[in-house]
1. Given (1) modelled with pLDDT under 95; (2) small (Gly, Ala, Ser); (3) at positive phi, where does Gly186 come up short, assuming only one miss?
2. Mind listing whichever residues of segment 28-59 are open to solvent by 20 Å² or more (accessible area, probe 1.4 Å) and of a type in the set (A, V, I, L, M, F, W, C)?
3. Consider Lys194 carefully, then state whether it is away from the ligand (no atom under 15 Å from the Cβ) and at positive phi.
4. Checking Val123 against (1) surrounded by 17 or more Cβ atoms within 10 Å (Cβ to Cβ); (2) in contact with a Leu (Cβ under 7 Å, 6 or more places away or on another chain); (3) over 22 Å from Glu263 (Cβ atoms), only one condition comes out false. Which one?
5. Give just the number: which of (1) at pLDDT below 95; (2) open to solvent by less than 70 Å² (accessible area, probe 1.4 Å) does Ala156 not satisfy?
6. Could you list, in sequence order, the residues of segment 223-255 that are crowded, with 24+ Cβ neighbours inside 10 Å and closer than 19 Å to Tyr81 by Cα?
7. Does any residue of segment 270-279 turn out to be open to solvent by less than 20 Å² (accessible area, probe 1.4 Å), part of a loop (DSSP other than H, G, I, E, B), of a type in the set (Gly, Ala, Ser) and over 14 Å from Ile154 (Cα atoms)?
8. Mind listing whichever residues of segment 188-213 are among the charged types (D, E, K, R) and without any contact (Cβ under 8 Å) to a residue 60 or more places away in the chain?
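The values are calculated or read from the model by the stated rules, or taken from the named source; none is laboratory data. Fair warning: this is a prediction, and the values are worked out from it, not measured in the lab. Note that each Cβ is placed from the backbone with ideal geometry, even for glycine, and that neighbours are counted across all protein chains shown. Note: areas computed on protein heavy atoms with side chains; ligands, DNA, RNA excluded. Shrake-Rupley method; radii C 1.70, N 1.55, O 1.52, S 1.80 Å.
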Amino acid sequence: MKVISTEKSQILAARLAAELNITLVDVKFSRFPDGELYLAAGPLDEETVIIGSTTDSDALVQLLLLIDACEGSENRLVLPYMGYARQDKRFRAGEPISARAVARLFSSEIKDCITVNIHEPDVLGHFRVPARNISVAEDVGRYIRSMGLEKPLILAPDDGALAFAQGVASAGGWECDNLEKTRLSGSEVTMAPKNLCAASRPVVIVDDIISTGGTIATATRMLYEQGATDVYAACVHGVLIGGAYARLMACGVRDVFCCDTIERGCSRISAARCIAAALRK
Ligand code: R5P
């Protein structure tokens, strides 16, 4: 078995190859003069783990080309971050179910597929090969443990993220809750932990995705008003668009960290251990 990756997941791929003690395939990436993507894969094995986060449309096409280049091998696909997965329903007439389109696209020439903390697990049903989702909640929890915080409160920004937050919290035996929004007036909304109190303690807000950072920035301001000593922000997929990292730091978040499902400067937690364990099963 060998590991091969797109440009977007090369660091995670190298970590995964090291975890599995197998070879990482060298791939040459370039573009044709008209801008179209080109790649050429080095020698493959009978079984290949193909890994690539589809963070943008080029990344999606590159992964498609890579799968085609691996024709003849028994291919296992890992989508650390599956782009387009959030459009998982037809919300208005005329819209595509983008997650379904992408799942179908990645269902040929592969034996099975693994996703990491996919936003909506129902999307897995759109693959035409066996697909399963794994969670790095325990790895996020271990990282938080290494920070040595005194009795942190682990907070999900909403009840949809509570199961993930509980998984993170159980790594350290910490208390966990989710934020609840209360509308005070037509224009005023307040956010506070649903059952617990944030006063006089550090709080770590954990979510699957930080996109614009808007949700966490608002929550951070309110948690400080409620007496939290320090607020941290952690997520699996650091999408971090529109200056989200700087926005969060500017509003007083002490640290922002994420996993290497999207390779960022603040990707301090690796999904490699978790993916390797899933591939061994
Ligand atoms: C959405 O449901 C996700 O779980 C995140 O909560 C969301 O993507 C965060 O968005 P933003 O960072 O833009 O507030």
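1. (3)
2. The answer is Phe29, Phe32, Leu37, Leu39, Ala40, Ala41, Leu44.
3. On the way: away from the ligand (no atom under 15 Å from the Cβ): yes; at positive phi: no.
Taking the combined requirement at face value, the residue does not satisfy it.
4. Failing condition for Val123: (2).
5. Ala156 satisfies all of (1) at pLDDT below 95; (2) open to solvent by less than 70 Å² (accessible area, probe 1.4 Å) except (1).
6. The answer is Ala233, Ala234, Cys235, Val236, His237, Gly238.
7. Yes, there is a match, as at least one residue in segment 270-279 is open to solvent by less than 20 Å² (accessible area, probe 1.4 Å), part of a loop (DSSP other than H, G, I, E, B), of a type in the set (Gly, Ala, Ser) and over 14 Å from Ile154 (Cα atoms).
8. Selection gives Glu188, Lys194, Arg201, Asp207.
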